[in-house]
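Engineer: The structure is given below, and queries will be raised subsequently.
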């Protein structure tokens, strides 16, 4: 893994960054914010053994490389940017070293503190979504097993405070609520440095899922949140939850918007004839495997939902929908 990095804000605060391998094909950036009094940990990886080992090694590497008295025991606060397990799954491991209070946005609080309950409800809604997308029963069962894998490793962990927009949190860090990728997704402004988590990334367009699965997600919320964060003045540097740092956050936001416009237009081209969501996903992304099948279906679903809400797609099989308990909707360009 890459060596830790050090960033200095205009006010002289230090932000340390190092990577952890949360899943086989997913690397997360972990951040430590230090002002000499507070040591704030931002996100903590997936909780898988390799991620936990690298989290501990990363903190140690920061201490050695920059000659600072930094350790997990010294952490004073823990901020979770959003309720996706690659960002909060390591909390039980971190809790072995520190009792520092944990903060998250209210819309993701129950993901951390009532995880088992939330998993049951989210699994049910995801299965319904897959059925309506036209995924076969056997295939749905396979995808649900993939979805649930790894969630057994996390146990509900209490949240001590909330990250609220308009109210500075610990260290005077400014919170921006940016729903879309996740209901409680927040960006954190540390002086002139914005921690964008998974809202803005340097290379990929952050994953989208339809609001029909989880409230306060969906492409409409996400695009509105991109506009909102692009208007924050004075951001010199953006640091994402994955990938590289960004010197031009606004330019990157514009590129992400263009990518989504292109995808929306491609779906309209695909739907000149009636297509199920599963068919649209295959036409968009081709043949994918394992967890990427689920990601492709959700991504396609978010874009189809956006177009359908705005009347650019219609349901072409109304008679079947009217007569069927759980119909597979055939979408067509209006």
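None of the figures in this text is laboratory data; all of them are computed from the coordinates on show. Bear in mind the structure is a predicted one, so any value in this text is a computation, not a measurement. Positions of Cβ are generated from backbone atoms using ideal geometry, with glycine treated the same way; all protein chains shown enter the neighbour counts.
Engineer: Taking the simple approach of a point 7 Å from Cα along Cα-to-Cβ for both residue 122 and residue 257, what is their distance in nm?
Structural biologist: 2.9
Engineer: Related question: If you stretched the chain out fully between residue 231 and residue 57, how much longer would it get, using 0.36 nm times the residue separation minus the C-alpha to C-alpha distance?
Structural biologist: Stretched out fully, the residue 231 to residue 57 stretch lengthens by 58.9 nm.
Engineer: Mind pulling the angle between the C-alpha long axis of helix 137-148 and the longest principal axis of the chain? Nearest 10 degrees, somewhere in 0 to 90.
Structural biologist: 10
Engineer: What fraction, in whole percent, of alpha-carbon pairs in the chain exceed 38 Å separation?
Structural biologist: 17
Engineer: Also: Taking Rh as the Kirkwood radius computed over C-alpha pairs, what is the Stokes-Einstein D of region 86-182 at 4 °C in a medium of viscosity 1.567 mPa s, expressed in µm² per second?
Structural biologist: Estimated via Stokes-Einstein, D reaches 83 µm²/s.
Engineer: Compute the acute angle (0 to 90°) between the alpha-carbon long axis of helix 219-230 and the principal axis of greatest extent of the alpha-carbon atoms of the chain; round to the nearest 10°.
Structural biologist: Long axis of 219-230 versus the principal axis of the chain: about 30 degrees.
Engineer: Sticking with the crude label model, points 7 Å out along Cα→Cβ, report the distance from residue 113 to residue 76 in nm, one decimal please.
Structural biologist: 2.3
Engineer: Using alpha carbons only, what's the Rg to Rh ratio of region 10-109 with Rh from Kirkwood?
Structural biologist: 0.95
Engineer: Please report the base-10 log of the normalised intensity I(q)/I(0) for region 166-321, using a Debye sum with one equal scatterer per alpha carbon and no solvent, at each q in 0.18 (1/Å).
Structural biologist: Summing over Cα pairs of region 166-321 leads to -1.07.
Engineer: By how many degrees, 0 to 90 and rounded to 10, does the Cα axis of helix 115-133 deviate from the longest principal axis of the chain?
Structural biologist: 30
Engineer: Here is a further query. Could you give me D for region 163-229, from Stokes-Einstein at 10 °C and 1.306 mPa s, where the hydrodynamic radius is the Kirkwood radius over C-alpha pairs? Units µm² s⁻¹, please.
Structural biologist: Reported coefficient: 130 µm²/s.
Engineer: Using alpha-carbon positions, what is the distance between the centroids of region 34-106 and region 263-334, in Å?
Structural biologist: The two parts, judged by their Cα centres, are 40 Å apart.
Engineer: Would you mind telling me the antiparallel percentage of the DSSP bridges in region 138-247, rounded to 5?
Structural biologist: Here the antiparallel bridges make up roughly 60 percent for region 138-247.
Engineer: Could you list, bin by bin from short to long, the percent of Cα-Cα pairs of region 262-333 in 5 Å steps?
Structural biologist: Per 5 Å bin, starting at zero, the Cα-Cα P(r) for region 262-333 comes out as 3, 18, 28, 24, 16, 9, 2 percent.
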